[in-house]
Amino acid sequence: MLKDIQIGGLRGDLLQVIEPKKTFADVILPEKTRRILADTLIQIEKHRLIFDTWGLGERHTTGTGLVFNFTGPPGTGKTICAEAVANLLVKRLLSVRYSELESCWAGETSKNLVTVFREARQQDMVLFFDEADSIASRRFTTTNLGYERQANQGVNILLKELEYHPGVVIFATNLWTNFDPAFQRRVRTHIVFELPGAREREMIWQAQLHPTKTPLADDVDFHALAERDEMSGGDIKNAVLKAAHMAAAESGLDYQKRIGQRHFEEAVRQVIEAKRVMAQHPYVDDVDAEHGAALLELSTRVQELQQDTESLRGQLEGLRAEMATLGISLPDVTKLKGDDDGNTQH
Ligand SMILES: Nc1ncnc2c1ncn2[C@@H]1O[C@H](COP(=O)(O)OP(=O)(O)O)[C@@H](O)[C@H]1O
Ligand SMILES: [Mg+2]
């Protein structure tokens, strides 16, 4: 259930208050993801016990927030899980499209963030930042070799708010984000949402229908559909709706209409085709999951190598200084020649 609201003059398409209806029963997830989510819920449930009753909140006033990052490709269930978390906590979900907030309100971002956090606190809502990739990575920009800290007021305010916000905050990000280390420190758990395998896809197909009211033809075979095409849960949802439209639009009496396998097959074809076209569009940031994951791995490795290099350089400088005090000078490493066995010669 969506309800548009006006908070502190912010437009309804930037944020929504959601009365949660989805539960974890509506979400099909691999066992591992489900376990991590269950653990997250225990952390939320026991937060009061640990930080109030056991007094640890008085000993540690910062960095104790309930901040979680749901990360994964589009259509993998991040939004419904955020809704399910709020549902379980019997709270409403304040969903903020950060990407939009930032682009539409340049200069106002900081003020709006403060408003959003305050509202979530006062009305005791779970705060959900959807499309939050830019938050996670914005403070850093890649220059030739290193990373340069960029002044970004919005993100600095966000980090500050996170530090003291008492409620649950959930971010949704795509897999290939370079996380700002300061953001990383405030996130208690990163939960990775993966694209579903064939078995999960079959269950998602089933879950998208009404258990009794959706009329299906006898030839419908979700196992075959799930085996044949790799799709996200979001793709499957779109295909189901498309198939229903096709079946409903056919001539004949409504009560005799059924959604058949050919409707589903055609719908799948259209959804896949639409995605292919989108992927060719230069402005689409919807890189497919496989490439996204590879990109993340590469960029993480590059960061690690940069850090290693920095640390080795530091050690070398240290050694050089130490040896200088002893009156020994190190040969310039760039002048050393190595043979094929890696032995160095002068
Ligand atoms: N794991 C899943 N189980 C069941 N349905 C799913 C799943 N993933 C996606 N869906 C369907 O796709 C729709 C879009 O998913 P959503 O939660 O918005 O994905 P994300 O936020 O990761 O982009 C959901 O409303 C749901 O119908
Ligand atoms: Mg979403």
(Q) Here is a check on your reading of the model: is Val192 among the β-branched types (Val, Ile, Thr) and at pLDDT 95 or above? (A) no
Q: Six or more apart or on different chains, Cβ under 6 Å: which pairs go from a residue in segment 19-37 that's touching a residue at least 60 places away in the same chain (Cβ under 8 Å) to one that's within 16 Å of ligand 2 (Cβ to nearest atom) and of a type in the set (Asp, Glu)? Could you list them?
A: Pro20/Glu83; Lys22/Glu83
Q. What residue, of Ala224, Ala182, Ala239, Ala247, is in contact with a strand residue (DSSP E or B) (Cβ under 7 Å, 6 or more places away or on another chain) and assigned to a helix (DSSP H, G or I)?
A. Ala247
**Q.** Odd one out for Phe51, checked against (1) within 15 Å of ligand 2 (Cβ to nearest atom); (2) modelled with pLDDT under 90
**A.** (1)
Q) Does segment 192-207 hold any residues that are surrounded by 19 or more Cβ atoms within 10 Å (Cβ to Cβ) and not charged (D, E, K, R), and which are they? A) Phe193, Leu195, Pro196, Ile204, Trp205
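What are the residues in segment 62-90 that are near ligand 1 (Cβ under 9 Å from one of its atoms), assigned to a loop (DSSP other than H, G, I, E, B) and either in contact with a strand residue (DSSP E or B) (Cβ under 7 Å, 6 or more places away or on another chain) or farther than 17 Å from Val192 by Cα (or both), if any?
Gly72
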Q: For segment 97-123, name all the residues that are farther than 28 Å from Val240 by Cβ and not in a helix (DSSP H, G or I).
A: Trp105, Ala106, Gly107, Glu108, Gln123
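The values are calculated or read from the model by the stated rules, or taken from the named source; none is laboratory data. Just so we're clear, the structure is a prediction, and the values are computed from it rather than from any experiment. Using ideal geometry, Cβ is built from the backbone for each residue, glycine included, and neighbour counts are taken over all protein chains shown.
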